[in-house]
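Just below is one structure, and these are the notes that go with it.
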Amino acid sequence: DIRKKVADVRLTLTGSAVGAAVPVGVYATNNAGWTEAGLTWLSAPTITGSAVDEQTVGVLKQYTWNITSIVNAGKAAGKGYVTIAIKCDATSSTGATFNSRRGTTGMPIILSTSHD
């Protein structure tokens, strides 16, 4: 029953650090409807709170973040979906790249080149 608390939600992306390994955190945002078409730094949703999970991204492999608390907070607020933000949690001139599309028309594709 989707009206009840969600037990476990995880985000898995395949990616790697462009240079040295970097800590990458996942955050809740203040925007429940951020579309890929509007993906620019000028329209990025504001990050709220601390990272709910953080992984050190280094070699090319799958990295998984637990986003259960973000989903449950969105559900408690009556939202049908949530928007998350992923960012490097340390200053980096190189950052990390993720390309986890399942096909040429699928989402997401995420590129992070510096912390914000």
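The values are calculated or read from the model by the stated rules, or taken from the named source; none is laboratory data. Bear in mind that the values here come from a model prediction, so they are computed numbers and not experimental data. We place every Cβ from the backbone using ideal geometry, glycine too, and count neighbours over all the protein chains shown. All accessible areas refer to the heavy atoms of the entire protein, side chains included, with ligands and DNA or RNA removed. Shrake-Rupley method; radii C 1.70, N 1.55, O 1.52, S 1.80 Å.
Give all pairs with beta carbons closer than 8 Å in which a residue from segment 69-97 that is outside any helix (DSSP H, G or I) meets a residue that is of a type in the set (Asp, Glu) and modelled with pLDDT under 85; count only pairs at least 6 apart in sequence or on separate chains.
Listed pairs, sorted by first residue: Lys87/Asp116.
Go through segment 26-50 and report how many residues are open to solvent by less than 40 Å² (accessible area, probe 1.4 Å) and modelled with pLDDT of 80 or more.
Qualifying residue count for the region: 4.
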